[in-house]
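Beneath this line is the structure, given in structure tokens, with notes to follow.
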Amino acid sequence: MIEIVELVKQYGGFTAVRGLSLTVPPGAVLGLVGPNGAGKTSTLRCAAGIIPCTSGTVRIAGVDMARDPVGAKRHLAFFPDEPRLFDHLTVRQHLNFVARIYGVKDHEPLGAALLAELELTEKADALPGELSRGMKQKLAIACGLLHSPKALFLDEPLTGLDPLGIRRMKDSIVARAKAGAAVVLSSHLLHLLEEVCTHVLILKKGEKLADGTLAEVSSRFSNGEAGVSLEEIFLRATADRDDAAPAAR
């Protein structure tokens, strides 16, 4: 489970995230959406313990990130939009290195299965410089999944993937959720989020505009219409916010 309570993130005098609270239970896939500058990446990085929160509480699988950051991070995996790899380690050596860090014993069968799932088996002895952008992304994801995390944070994970790679990645995300992981997925590809997400949270200027199951959020912004897409829901939610602002002055 992922629990975030009254999260605030400030950069000097700028507030990127304003008192955000959310809960993602095991098996749920939360789509985190919002316009550029909404605070999505700051939220994910704070929740993953990559940057400190200004205030608020983050718990991963019941472990408080501030009180026990190492314990909390053992339960999670964070996938940034730009994969960060070691230039002089092969694909296989990356998995070996990650296994040692997380203390994953007898990791070879699991590593081989991940390489097969992500179509990297033939590149097991290749260096990052020999991989395409999409393959680098797949390697980063394979490394992040090796310790079977209970919480996944994905920031634009589909960047650089071809259509088949996108399909396989969506299947992998759904499979992890079905196995009991709590997933937060941030992407501008709303039609793809709609296919894998059970819940959605809409952010704008660091504030939560709406959250809940897809059905609940759709009902709020559909105006009684059937079959309203997530993209249309997003546009209506953010437009409503803009329209309400002048009247609130």
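Values for this structure:
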quantity: Filter result (of a type outside the set (D, E, K, R) and in contact with a Lys or Arg (Cβ under 9 Å, 6 or more places away or on another chain)) within the stretch 188-206; calculated: L192, V196, L201, I202, L203, G206
quantity: The stretch 205-234: number of residues that are part of a loop (DSSP other than H, G, I, E, B), of a type in the set (G, A, S) and in contact (Cβ under 8 Å) with a residue 24 or more places away in the chain; calculated: 2
quantity: Residue within the stretch 85-100 that is touching a strand residue (DSSP E or B) at 6+ places or on another chain (Cβ under 6 Å) and either buried (at least 18 other Cβ atoms within 10 Å of the Cβ) or among the aliphatic types (A, V, I, L, M) (or both) present; calculated: no
quantity: Test: residue in the stretch 170-187 that is within 18 Å of R84 (Cβ to Cβ), touching an Asp or Glu at 6+ places or on another chain (Cβ under 6 Å) and surrounded by fewer than 18 Cβ atoms within 10 Å (Cβ to Cβ); calculated: no
quantity: Selection count, the stretch 163-201, where residues are touching a Gly at 6+ places or on another chain (Cβ under 6 Å) and either of a type in the set (D, E) or in a strand (DSSP E or B) (or both); calculated: 2
quantity: G27 being more than 18 Å from the chain's Cα centre (by Cα), assigned by TED's automatic domain parsing to the domain that holds L193 and not hydrophobic (A, V, I, L, M, F, W, C); calculated: no
quantity: Looking only at the stretch 1-39, and only at residues there that are under 17 Å from I173 (Cβ atoms) and not hydrophobic (A, V, I, L, M, F, W, C), the one that is surrounded by the fewest Cβ atoms within 10 Å (Cβ to Cβ); calculated: P25
quantity: Hits in the stretch 104-121 - residues which are without any contact (Cβ under 8 Å) to a residue 40 or more places away in the chain, surrounded by fewer than 17 Cβ atoms within 10 Å (Cβ to Cβ) and not in a helix (DSSP H, G or I); calculated: K105, D106
quantity: Pairs where the first residue, in the stretch 162-177, is in the same structural domain as E194 (by TED's automatic domain parsing) and the second is surrounded by 12 or more Cβ atoms within 10 Å (Cβ to Cβ) and in a helix (DSSP H, G or I), C-beta under 6 Å, 6+ apart; calculated: G165/G134; K170/V196; I173/V196; V174/V196
quantity: Counted residues, the stretch 22-54 - those being touching a residue at least 24 places away in the same chain (Cβ under 8 Å) and either assigned to a loop (DSSP other than H, G, I, E, B) or not hydrophobic (A, V, I, L, M, F, W, C) (or both); calculated: 21
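The values are calculated or read from the model by the stated rules, or taken from the named source; none is laboratory data. This one's a predicted model, so the numbers in the text were calculated from it and none came from an experiment. Quick reminder, even Gly has a Cβ in these numbers, built from the backbone with ideal geometry, and neighbours come from all protein chains shown.
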